[in-house]
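The values are calculated or read from the model by the stated rules, or taken from the named source; none is laboratory data. Only a predicted model underlies this, so the values are computations on that prediction, with no experimental measurement involved. We place every Cβ from the backbone using ideal geometry, glycine too, and count neighbours over all the protein chains shown.
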Amino acid sequence: MGLTDTFVRAAKHSGAAAGDKHTDGGAMYLLVKASGKYWRMNYRFAGARKTLALGVYPAVTLAQARQRRDKARALLADGVDPSTAKRQEKQAKIAEAANTFEAVARDWLARTSAKRAEITQVKVQTWLEKDAFPFIGNMPIATIGPRDVLERVVRKLEARGAIDTAHRLKQLCGQVFRYAVVTGLTERDVTADLRDALTAKTKSNHAAITDPRLLGELLRSIQDFKGHPCTLAALKLSPLVFVRPGELRTAEWAGIDLDAAEWRMPGAKMKMKHDHIVPLSRQAVEILRGVQPVTGHGRYVFPSLRTGERPMSENTVNAALRAMGYSAETHTGHGFRATARTIMDEVLNERVDLIEHQLAHAVKDVNGRAYNRTAHLPARRLMMQRWADYLDGLRLGTECAGPSGPA
């Protein structure tokens with residue numbers, strides 16, 4: 001006769017040092033000791049007598065213990081040692097628990113960092129840390145399904161109206177999953193199932209003010225801005241240097257020579273992967289000298305307001321513009337590039353090739369070769385000073401069109 005639930009529940013330890021054994025059949029028994037009740041199974045494998053632990057009562061019921069016994073007997077019938085199988089299963093679970101989405105993603109970030117510009121690396125890491133890790137980061141990557149990514153990550157971003165970011169993060173998650181596949185940590189990229197589940201992106205250019213009169217109003221609004229000194233400095237510098245927002249917020253003091261009035265950026269920080277030089281106007285140097293006593297002791301010109309170990313948030317400049325009353329449909333931090341490109345060409349008649357060089361766009365000579373970083377540097381230096389003087393005139397209301405530059 002096998003054991004019953006009533007008997008198992010009522011069984012008491014008799015005081016025997018080795019404990020009391022109560023058989024159930026199929027080589028399984030209940031071992032009752034002073035410390036508790038234990039399910040065990042004796043068996044022979046490769047001529048050796050062994051004992052398999054099936055669990056502890058009441059966490060493992062009689063029915064569950066019998067299921068584990070039957071599974072072990074099936075393994076024995078197939079020539080597999082159930083103790084070895086149990087150990088391997090435990091090790092697999094430990095490895096699975098260690099290989100969370102966050103752990104795998106951080107490993108992927110580190111191993112692929114050389115393929116990305118530094119500003120892109122920071123941006124990708126920030127997206128994951130802000131919008132993925134809090135929701136699926138602690139989940140073993142092998143257990144994550146398409147619905148987890150959709151509901152816990154994508155839908156949350158869409159609910160905030162961050163449609164483009166939702167698409168980017170879905171792509172990033174896909175890269176992490178594909179890395180996990182090739183490293184043997186999961187079976188497939190589950191984000192492939194989300195192809196038609198995301199809200200469609202709306203294509204639009206970065207909004208930019210290109211009317212000199214309206215630009216003058218914006219410059220006066222920036223001048224009157226009452227925010228944090230670093231934010232104000234970044235706002236003032238944005239139209240003067242018109243670099244990409246990511247390049248501005250990750251600017252490092254090591255690359256800036258105020259005496260030479262130059263800002264040198266290594267190719268690793270640039271979208272086009274080429275070294276770039278930004279000649280600094282007198283006005284730009286003045287702004288940087290003003291912020292140097294505040295942040296000059298650290299790495300970044302515009303550090304995070306929370307910690308100096310990281311650069312300013314990518315939303316800081318745009319948030320300041322919104323606070324001044326400029327909507328995303330009117331002007332953005334990235335829009336300063338289009339502002340400069342349009343007005344310098346159409347109003348100031350600056351040479352288009354110099355403007356493109358200064359925008360760090362790919363410009364090639366007649367033989368199809370890319371110009372180096374110092375190409376036309378003296379001419380670009382003069383152009384940047386003319387631009388800064390023109391912006392001063394707009395801000396002060398002394399001119400709206402400006403003088404014509406060289407043809």
Please state which one of G393, G368, G308, G402 is part of a loop (DSSP other than H, G, I, E, B) and either closer than 22 Å to G216 by Cβ or at pLDDT 80 or above (or both).
-> G402
Can you find even one residue in region 185-201 that is under 18 Å from H331 (Cβ atoms) and surrounded by 14 or more Cβ atoms within 10 Å (Cβ to Cβ)?
-> no
Looking only at region 308-329, count how many residues are of a type in the set (K, R) and without any contact (Cβ under 8 Å) to a residue 12 or more places away in the chain.
-> 1
Residue check, V104 in a loop (DSSP other than H, G, I, E, B), surrounded by 14 or more Cβ atoms within 10 Å (Cβ to Cβ) and among the β-branched types (V, I, T) | no
Note: among K37, K71, just one is exposed (fewer than 15 other Cβ atoms within 10 Å of the Cβ), over 29 Å from A251 (Cβ atoms) and touching a helix residue (DSSP H, G or I) at 6+ places or on another chain (Cβ under 8 Å), namely K71
Would you say I277 is surrounded by 14 or more Cβ atoms within 10 Å (Cβ to Cβ), assigned to a helix (DSSP H, G or I) and over 25 Å from the mean Cα position of the chain (by Cα)?
-> no
The condition of being more than 30 Å from R322 (Cβ to Cβ) and among the hydrophobic types (A, V, I, L, M, F, W, C) holds, among V176, V154, only for V176
Being modelled with pLDDT of 95 or more and touching a Phe, Trp or Tyr at 6+ places or on another chain (Cβ under 9 Å) is the filter here, so list the residues in region 256-277 that pass it.
-> I256, D257
Any chance L237 is assigned to a helix (DSSP H, G or I) and not aromatic (F, W, Y) = yes
Go through (1) without any contact (Cβ under 8 Å) to a residue 60 or more places away in the chain; (2) in a helix (DSSP H, G or I) and name the single condition N138 misses.
-> (2)
Matching strands (runs of 3 or more DSSP E) fully within region 1-68 where at least 3 residues are closer than 27 Å to G79 by Cα and in contact with an Asp or Glu (Cβ under 7 Å, 6 or more places away or on another chain) | none
Output for region 174-192, where each listed residue is within 16 Å of G145 (Cβ to Cβ), not basic (K, R) and not in a helix (DSSP H, G or I) = L185, T186, E187, D189
Hey, among E129, E158, E151, E89, which residue is out of contact with any helix residue (DSSP H, G or I) (no Cβ under 7 Å at 6 or more places or on another chain) and closer than 21 Å to R195 by Cα?
-> E151
All positions within region 204-257 that are closer than 22 Å to Q292 by Cβ and not assigned by TED's automatic domain parsing to the domain that holds R337 = none
Top-ranked residue in region 371-382 [being surrounded by 12 or more Cβ atoms within 10 Å (Cβ to Cβ) and on the phi < 0 side of the Ramachandran plot; ranked as modelled with the lowest pLDDT] = Y371
